[in-house]
Amino acid sequence: MTPPPAESVAALIRPAPVARDSQVNRDLLRVMDGVSLGYFAVLALALGFMFAAGGVWIYQVYRGLGIAGYAHPIFWGAYIVTFVFWVGIAHAGTLISAILYLFRAKWRNAINRSAEAMTVFAVLTAAQFLGIHVGRIWKSYFILPYPNQRALWVNFKSPLLWDTFAITTYATISIIFFYVGLIPDLAIARDRSTGWRRALYTVLSLGWQGTARQWKSHNRTVLHLSGLATPLVLSVHSVVSWDFAMSIVPGWHATIFAPYFVAGAIFSGFAMVLTMMIPVRRIYGLEHIITDYHFENMSRFLLLTSLIVGYAYGAEYFMAWYSGVEAEQSSFWLRAFGPYWISTWVMISCNAIFPQILWFKKARTHVPTLFVLSVLINIGMWFERYVIIIGGLSREYDPAVWGVYTPSWPELIIVAGSFGFFCQFFLMFLKVFPVVAIAEVKEIEIHARAHGGGH
Amino acid sequence: MPQLLGVFTEPAHIAAAARRLRDRGFTDLETFSPAPFAEVDDALLPKPSGVRGWTLAGGLAGVVTGYAMTIWMANNWQIMLGGKPFSSIPPYTIIAFELTILFGGVMTLVGLLVVGRLPSFRAHKAYSARFSAEDFGLVVRCRERDVAEIDGLMREHHATEVSLVEA
């Protein structure tokens, strides 16, 4: 046996110098450190809204759905509007994570984690409204196909059943996607934390060490989940739109609904990501990770989807006129000039007109403008669903089914509470999980360094 | 048997070192990367990941379950709805589609756990927090007499440091 050369052995036993932590780790894990008074104040506000809504909901369970503003012929009100709104918000995360991943759009790395988190929270928020809307919450399991003594099965020809399967699948897949992406980052956090955090991250990171086998199966998993989630994200809002389009209600019965809803969902989802990430970037000083370039790219998406949504508004009016169906024409006339005219014009202005300023680079790169616009778009997209759902139901074919709906105070509190529900999840997420996909940002940095380029 | 740990700063270097070691017949290798780099993983495991099979199995199970469940349930207790056939394929395709994605996604996660051998709570002796910072690690288990050769080979491939892993 040949002994190793002496100088080499000496080098081997010399203790390795302690490597300094990477800048990316420090910058991104810092977000989780400490909580300020402002954070507590916002969290308390969110929780306040959430608990107020919870209280009102318990009251509604006790009194019955009569306390909602439902009145003949309108039995789908603010709850369904808000359900569709939150399902729509949930679309940006998967779009950014899955579709942009498949297109190898590297700019997604800075925002995909927070967008995925928003997807999960928005689906959870939306799911609450199914329970709230059915009223008799203790019977909501009737929607599931379970064996029962009456040998009755659910009606799989109903769009509501499709929706159950679509939303359940979407919630499950988005949680899996979110979690799988988190595993390497949880290991980063595990290696740099103590106490309960270390215990939590140790369990959640599953003992991740970044070995070849782990990365190889992880990459393949992310690729497959992206491949599965891409058709899924397009199907979910299509199925939600079929809840309406499969009926014969004027204003709902349109073949354009699926692409129209999907574009609207991506539109509102991107707006929500901007609404949440602009303050987060500012507060935690992440300007070098989430740059104006990322916001500009997102605003391009907003502009594109705004044009699609605007086209759909136009197409709906054209088809109503061109079809010659009187009920359809009257429904659309009343949409713009009837009892819900304010909602309609809010929708058109916020979704189709205001976003046109994004044609100008100055607007796309001016963060305050983007923030205000994103909030306006969120408002506009809530009103879009309001206009479609309430506007459609309030004027069907027969004067016996004409009516006007006004949301009641319990509905408004529960709708406001849903924003609290969503925000408290997001605020806790900021403090528990890495807000940016650290490993993916690092991938780009190491790659850039190896090839002598800058980030 | 001794284990040597080489530390690298660039993925191309560690990948080249790993390939070279494999060519020299050292097959008991392990790498630690802070981020996904296909060249590093492929140097150790050239074959495509087995997660593929799990996704396929899940997807197929989903599509079969979707159609079988809807058709069987509709015929188990027949209720005529709108004059439509009991086994209406177009609406059931939506259920089958959603279950394809659902089962495929869940089985992909299972595949990650099985193929990636997770969870594994016994930490590798050579692993340290630097490999979740920016360094790459290459661990070789070898005979005593090969230590010098491997040490030289790693340094030749720009290893910033090489050390023995304590047993």
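Note that the range A:394-401 has calculated 3J(HN,Hα) couplings of 6, 9, 8, 5, 10, x, 5, 10 Hz, one per residue in order, obtained from phi through the Karplus relation 6.51 cos²θ - 1.76 cosθ + 1.60 (θ = phi - 60°); glycine and proline are x. Build a GNM of chain B with springs between Cα atoms under 10 Å apart, and of B:ARG24, B:ARG122, B:ARG52 the one that fluctuates most is B:ARG122. Taken as Cα centroids, the range A:248-263 and the range A:49-68 sit 31 Å apart, rounded to the nearest whole angstrom. Ellipticity at 222 nm from helices only: DSSP H runs of n ≥ 4 in chain A, each -39500 (n - 2.57), divided by the residue count, give -22500 deg cm²/dmol. Estimated from helices alone, the mean residue ellipticity of chain B at 222 nm is -16500 deg cm²/dmol (sum of -39500 (n - 2.57) over DSSP H runs with n ≥ 4, per residue).
For the residues B:PRO11, B:PRO91, B:PRO46, a GNM of chain B with alpha-carbon springs under 10 Å puts the largest fluctuation on B:PRO91.
Helix B:51-76 and the long axis of chain B differ in direction by around 10°, with both axes built from C-alpha atoms. Across the range B:1-125, the fraction of Cα-Cα pairs farther apart than 19 Å, rounded to a whole number, is 66%.
Scaled to the globular estimate 2.2 N^0.38 Å, the Cα spread of the protein assembly as shown, given as radius of gyration, is 1.10. Let's test the formula: R0 of 22 Å, r as the Cβ-Cβ distance of A:ILE67 and A:THR406. What FRET efficiency results, to the nearest 0.05? The calculated FRET efficiency here is 0.95. Relative to the longest principal Cα axis of chain B, at what angle does helix B:147-156 sit, 0 to 90 degrees, rounded to 10? So the inclination is approximately 80 degrees. With Cα atoms as the point set, the range B:62-167 shows a radius of gyration and Dmax of 27.7, 82 Å.
Using a Gaussian network model on chain B with a 10 Å cutoff between Cα atoms, which of B:ARG117, B:ARG155, B:ARG22 fluctuates the most? Largest GNM mean-square fluctuation: B:ARG117. Put +1 on the Cβ of each Lys and Arg and -1 on the Cβ of each Asp and Glu in the protein assembly as shown; which of B:ALA18, A:MET276, A:ALA448 then has its Cα farthest toward the positive end of the dipole? The listed residue farthest towards the positive side: B:ALA18. Reducing the range A:130-184 and the range A:290-354 to their Cα centroids gives an inter-centroid distance of 30 Å. Cut-off 20 Å, label point 7 angstrom out along Cα-to-Cβ of B:THR65: give me the residues of the range A:236-268 whose amide nitrogen falls inside. So the set is A:236. Dipole check for the range A:97-164: with +1 at the C-beta of Lys and Arg, -1 at the C-beta of Asp and Glu, and the Cα centre as origin, the magnitude is about 100 Debye. Counting only other chain Cβ atoms within 10 Å of each residue's Cβ, the peptide A:26-36 averages 0. When +1 charges are put on Lys and Arg Cβ atoms and -1 charges on Asp and Glu Cβ atoms, the dipole computed for the range A:157-261 relative to its Cα centre reaches about 540 debye. For chain A, the longest principal axis of the alpha carbon atoms and the long axis of helix A:37-63 meet at an angle near 40°. Taking a ≥ b ≥ c as the square roots of the eigenvalues of the Cα gyration tensor, an a/c ratio of 1.5 or more together with a/b no larger than b/c marks the range A:293-347 as oblate. Label sites at A:VAL432 and A:THR369, each approximated as a point 7 angstrom past Cα along Cα to Cβ, lie 3.9 nm apart. Distance between the modelled labels on A:SER323 and A:VAL134, one decimal in nanometres: 3.1 nm (7 Å Cα→Cβ projection). Each Lys and Arg Cβ is given +1 and each Asp and Glu Cβ -1; about its Cα centre, the protein assembly as shown then shows a dipole of about 600 debye.
Which distance in Å, rounded to a whole number, links the C-alpha centroids of the range B:96-167 and the range A:415-435? The distance from the Cα centre of the range B:96-167 to that of the range A:415-435 comes to 35 Å.
With the simple model of a label 7 Å out from the Cα in the direction of the Cβ, B:GLU39 to A:HIS288 spans 2.6 nm. More than 19 Å apart: what percent of Cα pairs in the range A:208-276 qualify? The calculated P(r) of the range A:208-276 puts 55 percent of pairs beyond 19 Å. For B:THR160, the residues whose amide H sits under 5 Å from its own are B:VAL7, B:PHE8, B:THR9, ignoring neighbours fewer than 5 places away on the same chain, with H placed 1.01 Å from N. Dipole of the protein assembly as shown computed with +1 at Lys/Arg Cβ and -1 at Asp/Glu Cβ about the Cα centre; of A:TYR179, B:PRO91, A:ALA98, farthest Cα towards the positive end is A:TYR179.
Coordinate-derived values only; no laboratory data. What you see is a predicted model, and the numbers here were worked out from it, not measured in a lab. Counting neighbours? That spans all protein chains shown, and the Cβs are built from the backbone with ideal geometry, glycine included.
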